[in-house]
Amino acid sequence: MEIIVCDDYDQMSKKASEIVSDIIKENPKAKLGLATGSTPVGMYENLVKDYEDGKIDFKEVSSVNLDEYVGIDKDNPQSYQYFMNEHLFDKVNINKENTHLPKEDGSLEESVKKYDKLLEEFGQRDVQVLGIGPNGHIAFNEPDDKLNMHTSIINLKEETIEANSRFFDSKEDVPKQAMSMGMADAFNAKTLLVLASGKNKHKAVEKFMHTDKIETMFPMSFIALHPNCYLIVDKQAYEG
Ligand code: GLP
């Protein structure tokens with residue numbers, strides 16, 4: 001694992017985007033695993049700039065996303081589909097038909113099965129971008145006695161609802177469930193790019209730096225198992 005400590009959010013975003021850009025330059029048909037949340041916004045801005053500057057081309061790039069809220073329409077500005085359109089898909093020449101997020105299609109059970117099938121067909125990604133929750137969650141895999149390998153419906157923990165309420169008018173508006181890739185799915189990539197920025201990630205980053213245990217109660221600890229993982233953090237996340 002390579003741990004890169006950056007001065008600030010901008011430097012972290014630049015470093016992350018350089019890694020993704022290089023992967024796309026090397027393989028114009030790159031398969032990306034994408035993440036939402038405030039952390040990767042700067043990385044997407046840099047990727048859009050690289051595209052506008054003619055450095056990278058998304059024409060043949062395809063993508064899958066980690067997760068999506070349950071019970072939220074894809075046109076709702078709080079949906080992760082909306083986020084991806086806004087921050088990347090609408091700003092580059094990616095073919096939207098080659099971009100995929102978990103979505104409700106039939107019952108929840110059927111939707112989960114469909115996303116698992118899609119992930120299986122999509123195959124291994126060249127890179128998977130991951131953020132972490134303040135409690136160390138990965139995608140929406142919350143700390144628990146057991147973690148899912150594959151797609152599932154997750155009941156969000158109170159602390160996650162709290163953390164994500166900043167994007168909603170009120171805490172009551174935050175969905176209580178999400179559909180999320182499991183841990184095996186989330187790690188099915190040649191390269192993992194784990195990003196953490198800001199004070200509210202310090203507890204998780206510090207715990208990761210000081211533990212030598214893999215714990216389901218701390219999903220982030222599993223990134224230590226990946227053979228090609230970058231953990232890119234800013235000073236605030238690293239030092240508190
Ligand atoms: C959300 C998402 C995660 C994301 C994390 C951090 O709940 N499900 O995929 O990595 O929490 O979000 P943020 O970057 O906004 O802090």
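The values are calculated or read from the model by the stated rules, or taken from the named source; none is laboratory data. Please read these numbers as outputs of a predicted model, since none were measured by experiment. Cβ atoms come from the backbone with ideal geometry, glycine included; neighbour counts cover every protein chain shown.
Mind checking which pairs have a first residue in the stretch 12-30 that is farther than 20 Å from VAL233 by Cα and at pLDDT 95 or above and a second that is part of a helix (DSSP H, G or I) and among the aliphatic types (A, V, I, L, M), Cβ under 8 Å, 6 or more apart or different chains?
ALA30/ILE23; ALA30/ILE24
Filter the stretch 48-75 down to residues that are surrounded by 22 or more Cβ atoms within 10 Å (Cβ to Cβ) and more than 16 Å from the ligand (Cβ to nearest atom) and give me whichever is farthest from SER111 (Cα to Cα).
ILE56
Please state which of the following conditions TYR230 fails to meet, knowing it meets all the rest: (1) over 13 Å from LEU130 (Cβ atoms); (2) modelled with pLDDT of 95 or more; (3) hydroxyl-bearing (Ser, Thr, Tyr).
Every listed condition holds for TYR230 apart from (1).
If GLU86 satisfies every condition in (1) within 30 Å of GLN236 (Cα to Cα); (2) surrounded by 14 or more Cβ atoms within 10 Å (Cβ to Cβ) but one, which is the exception?
(2)
Restricting to the stretch 114-125, name every residue that is within 16 Å of the ligand (Cβ to nearest atom) and either of a type in the set (Lys, Arg) or under 12 Å from ALA196 (Cα atoms) (or both).
ARG125
Suppose the filter is at pLDDT 95 or above, of a type in the set (Phe, Trp, Tyr), out of contact with any helix residue (DSSP H, G or I) (no Cβ under 7 Å at 6 or more places or on another chain) and surrounded by 18 or more Cβ atoms within 10 Å (Cβ to Cβ); does TYR44 pass it?
no
What is the one condition in (1) within 11 Å of the ligand (Cβ to nearest atom); (2) at pLDDT 95 or above; (3) touching an Asp or Glu at 6+ places or on another chain (Cβ under 6 Å); (4) under 29 Å from LYS117 (Cβ atoms) that LYS157 does not satisfy?
Only one criterion is unmet by LYS157, namely (2).
Tally the residues that are at positive phi and hydrophobic (A, V, I, L, M, F, W, C), restricting the search to the stretch 198-224.
Within the stretch 198-224, residues that are at positive phi and hydrophobic (A, V, I, L, M, F, W, C) number 0.
Mind counting the residues in the stretch 126-147 that are under 10 Å from the mean Cα position of the chain (by Cα), more than 9 Å from the ligand (Cβ to nearest atom) and surrounded by fewer than 24 Cβ atoms within 10 Å (Cβ to Cβ)?
Looking only at that region, the number is 0.
With (1) touching a residue at least 60 places away in the same chain (Cβ under 8 Å); (2) touching a Ser or Thr at 6+ places or on another chain (Cβ under 7 Å); (3) surrounded by fewer than 19 Cβ atoms within 10 Å (Cβ to Cβ) as the list, and THR211 as the residue in question, which single condition is left unmet?
Unmet for THR211, out of (1) touching a residue at least 60 places away in the same chain (Cβ under 8 Å); (2) touching a Ser or Thr at 6+ places or on another chain (Cβ under 7 Å); (3) surrounded by fewer than 19 Cβ atoms within 10 Å (Cβ to Cβ): (1).
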